[in-house]
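J.: Next up is a structure, given as structure tokens.
The values are calculated or read from the model by the stated rules, or taken from the named source; none is laboratory data. Everything quoted here is computed from the prediction, not taken from an experiment. Note that each Cβ is placed from the backbone with ideal geometry, even for glycine, and that neighbours are counted across all protein chains shown.
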Amino acid sequence: MTSTPRLELRAVAKSFGGVAALKGVDFALAAGEIHGLVGENGAGKSTLMKIIAGVHADYQGEMRIDDQAVRFRSARDARAAGIGMVHQELAIVPTLSVAENVLLGMQPQNRFGAIDWPAMIRIASAHLDNLGLSIDPRAEMGSLPLGMQQLVEIARVLFSGARIIILDEPTSALSPPEIARLFALLARLRAEGRSFVFISHFLDDVLAVCDRVTVFRNGAKAGAARVAEIDKTWLIERMIGAGHHELEESYRGDIRLESPSAARPVLTTDGLGLAGAFRDVSLTLRAGEVLGIYGFMGSGGLDLARALFGKTPPERGVVRIDDRPVRLRNTTEARRAGVAFVPESRRSMLFALEPLYKNMSISVLDRLARLWLKPKREQEIARRHITALGIRPAEPGRVLGTLSGGNQQKVALAKWLTFMPKVLMLSEPTRGMDVGAKEDVVRIVRRLRDEGLAIIVVSAEPETVLALADRILVMRKGRIAHEFADEAVSKDRLLAAA
């Protein structure tokens, strides 16, 4: 790393409506460095990154690149200066091919000025191969799993030639083997001189791949250090202070799983199968139980949850709810049977430009009113959920898109709780959240369990499963590979079983 920072911000401040989002922040990124940035939602990380990426032009302070003062007026200015950003909510075009997404805005042309499709396929294929990604460049982007979409998005920014790359939660949808592959790629690109800002709520990932880390809290820098000189406790203390311990148990050591519940079965499956996704899945979910389903991306857990919600119906086997066989041929039948599903992508089930109360009532409008909408009734329900789930800001009319990721996840949960389902399935319920927001979700899920709800949590995050589950099924290559119950389980044992 050189002595002069590739990127430097000095005394940067930014306010929104009189509320300070950044308070005189200093930040420096060296050439050939991976610099971690952590902090709770609302701590100021996103605001700082949007300044760097040219989204926010109105701010106080100074930004320098290679010791030259710069001031971007648009995202285009930032891209022209060699800055690229991979957002957590991916900026992909799902109906286009992988190749078209990789070369978006940079498509090769033939001598007639038309897109040279064979050349685009060749270039994209070579670029993906160079990154170690075995992805068909002709495949439709939307057909890929979320984790693969994220890797293609990273490939697109790298292909643009950016020297400074901001990665916002880059591992949130990736399995451990894919994370290892990404980290190896970042290490190689770092050695070539590229610089990365690595924003993540996964503290283990920050400690594993970053050279330095900066912690934000309440719009100010709460600490900065070389990763080799700190540990997770150091980060947590500076992020949220003392008093947040519910998730820390899952960060360290073993978690003790209780004895299997003797309550009545709510959901059972026998020999469930779907070609190319999962096979011979037999399980039992009981009232007042959280069943964790853990596995790497593609292991079959998410496919199983989607099948139980009728999105991709199983081809064989039997599903019983309350000991009665049911057919789940579509989501309408699943809902009528009492099954609810919160997917890993909040964007797919929520309406960012609509108010909270409309997002909460959309799935139950047919039960609230037969002939016409009743906004007052919708808002009454929303207020009840806002109070019960601790949603902030506590305003039913607030536009959903203005909330943090953690609060949006609470809204996604509220959508199903007006009329309590028999089975609630959650896919990656804490994805992309800071420690404090994750802890809120853990408390909500545990409360619903204690009220007797039968819950399935599907996740590729060991910490999430360990924090939430009473019993854990590990899936591997579409089959249940191991069950953990009535024993101590560690993250290492989960990874080994997967």
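J.: Go through the stretch 316-359 and report how many residues are surrounded by fewer than 19 Cβ atoms within 10 Å (Cβ to Cβ), assigned to a helix (DSSP H, G or I) and touching a residue at least 40 places away in the same chain (Cβ under 8 Å).
T.: Selection size over the stretch 316-359: 1.
J.: Run Lys50 past the list (1) in contact (Cβ under 8 Å) with a residue 40 or more places away in the chain; (2) within 24 Å of the chain's Cα centre (by Cα); (3) closer than 30 Å to Arg217 by Cβ and report the number of the one that doesn't hold.
T.: (1)
J.: Taking the residues in the stretch 1-25 that are touching a residue at least 60 places away in the same chain (Cβ under 8 Å), in a strand (DSSP E or B) and in contact with a strand residue (DSSP E or B) (Cβ under 6 Å, 6 or more places away or on another chain) as candidates, determine which candidate is farthest from Ala69 (Cα to Cα).
T.: Of everything passing the filter in the stretch 1-25, Ala21 is farthest from Ala69 (Cα to Cα).
J.: Further, regarding this structure: Return only the number of the condition from (1) more than 21 Å from Gly478 (Cα to Cα); (2) hydrophobic (A, V, I, L, M, F, W, C); (3) touching an Asp or Glu at 6+ places or on another chain (Cβ under 8 Å); (4) at pLDDT below 95 that Val266 does not satisfy.
T.: (4)
J.: Looking at this structure, is Asp492 touching a residue at least 60 places away in the same chain (Cβ under 8 Å), surrounded by fewer than 21 Cβ atoms within 10 Å (Cβ to Cβ) and assigned by TED's automatic domain parsing to the domain that holds Leu308?
T.: Working: touching a residue at least 60 places away in the same chain (Cβ under 8 Å): no; surrounded by fewer than 21 Cβ atoms within 10 Å (Cβ to Cβ): yes; assigned by TED's automatic domain parsing to the domain that holds Leu308: yes.
Answer is no for this residue.
J.: Further, regarding this structure: I need the full set of residues from the stretch 121-148 which are buried (at least 16 other Cβ atoms within 10 Å of the Cβ) and in contact with a Pro (Cβ under 8 Å, 6 or more places away or on another chain), in order please.
T.: Ile121, Ile123, Ala124, Ser125, Leu128, Met141
J.: Next question. Pick out the one residue from Leu426, Leu468, Leu403, Leu473 that is free of Cβ contacts under 8 Å to residues at least 60 places away in the same chain, out of contact with any Cys (no Cβ under 9 Å at 6 or more places or on another chain) and not β-branched (Val, Ile, Thr).
T.: Exactly one of Leu426, Leu468, Leu403, Leu473 is free of Cβ contacts under 8 Å to residues at least 60 places away in the same chain, out of contact with any Cys (no Cβ under 9 Å at 6 or more places or on another chain) and not β-branched (Val, Ile, Thr), namely Leu403.
So that you can scan it fast, the table gives a plain yes or no per residue for (1) free of Cβ contacts under 8 Å to residues at least 60 places away in the same chain; (2) surrounded by 23 or more Cβ atoms within 10 Å (Cβ to Cβ); (3) among the small types (Gly, Ala, Ser):
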position	(1), (2), (3)
Arg163	no, no, no
Ile166	no, yes, no
Pro170	no, yes, no
Ser175	no, no, yes
Phe183	yes, no, no
Leu189	yes, no, no
Ser195	no, yes, yes
Asp205	yes, no, no
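Table: residues versus (1) assigned by TED's automatic domain parsing to the domain that holds Arg320; (2) modelled with pLDDT of 85 or more.
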| residue | (1), (2) |
| --- | --- |
| Pro355 | no, yes |
| Ser361 | no, no |
| Arg370 | no, no |
| Pro375 | no, no |
| Gly397 | no, yes |
| Gly405 | no, no |
| Glu428 | yes, yes |
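J.: Regarding the stretch 75-84, can at least one residue be identified that is in contact with a Gly (Cβ under 6 Å, 6 or more places away or on another chain), at pLDDT below 85 and either in the same structural domain as Leu182 (by TED's automatic domain parsing) or within 25 Å of Ala277 (Cβ to Cβ) (or both)?
T.: No, the stretch 75-84 contains no residue that is in contact with a Gly (Cβ under 6 Å, 6 or more places away or on another chain), at pLDDT below 85 and either in the same structural domain as Leu182 (by TED's automatic domain parsing) or within 25 Å of Ala277 (Cβ to Cβ) (or both).
J.: Could you tell me how many of the residues in the stretch 471-484 are charged (D, E, K, R) and crowded, with 21+ Cβ neighbours inside 10 Å?
T.: 1
J.: Give me a count of the residues in the stretch 165-215 that are under 22 Å from Ser299 (Cβ atoms) and not in a helix (DSSP H, G or I).
T.: So the count comes out to 8.
J.: Within the stretch 471-485, is even one residue closer than 21 Å to Val281 by Cα and in contact with a Pro (Cβ under 8 Å, 6 or more places away or on another chain)?
T.: First, pick out the residues of the stretch 471-485 that are closer than 21 Å to Val281 by Cα: 471-485.
Pick out the ones that are also in contact with a Pro (Cβ under 8 Å, 6 or more places away or on another chain) and you get 471, 485.
Yes, the stretch 471-485 contains at least one residue that is closer than 21 Å to Val281 by Cα and in contact with a Pro (Cβ under 8 Å, 6 or more places away or on another chain).
J.: Turning to a different aspect of this structure: Give me the pairs: first residue in the stretch 62-81 and surrounded by fewer than 19 Cβ atoms within 10 Å (Cβ to Cβ), second residue in a strand (DSSP E or B) and of a type in the set (D, E, K, R), beta-carbon distance under 7 Å, and six or more apart or on different chains, which are they?
T.: Cβ pairs passing all conditions: Glu62/Arg10; Arg64/Glu8; Ala69/Glu62; Val70/Arg64.
J.: Determine if the stretch 391-413 includes at least one residue that is in a strand (DSSP E or B), among the small types (Gly, Ala, Ser) and within 19 Å of the chain's Cα centre (by Cα). Spell out how you get there, then give the answer.
T.: Step one: filter the stretch 391-413 for residues in a strand (DSSP E or B), giving 399.
After this cut, where a residue has to be among the small types (Gly, Ala, Ser) as well, the list is none.
Checked the stretch 391-413: no residue is in a strand (DSSP E or B), among the small types (Gly, Ala, Ser) and within 19 Å of the chain's Cα centre (by Cα).
J.: How about the stretch 250-277: which of its residues are assigned to a strand (DSSP E or B) and either under 20 Å from Val465 (Cα atoms) or of a type outside the set (A, V, I, L, M, F, W, C) (or both)? Please lay out each step first, then the result.
T.: Applying the first criterion (assigned to a strand (DSSP E or B)) to the stretch 250-277 yields 255-256, 265-274.
Of everything in the stretch 250-277, those that are assigned to a strand (DSSP E or B) and either under 20 Å from Val465 (Cα atoms) or of a type outside the set (A, V, I, L, M, F, W, C) (or both) turn out to be Ile255, Arg256, Pro265, Leu267, Thr268, Thr269, Asp270, Gly271, Gly273.
J.: Now for a separate question. What number of residues within the stretch 88-108 satisfy the criterion of being buried (at least 16 other Cβ atoms within 10 Å of the Cβ) and closer than 20 Å to Ile199 by Cα?
T.: Within the stretch 88-108, residues that are buried (at least 16 other Cβ atoms within 10 Å of the Cβ) and closer than 20 Å to Ile199 by Cα number 3.
J.: Return the total of residues in the stretch 284-307 being among the polar types (S, T, N, Q) and over 14 Å from Glu461 (Cα atoms).
T.: Qualifying residue count for the region: 1.
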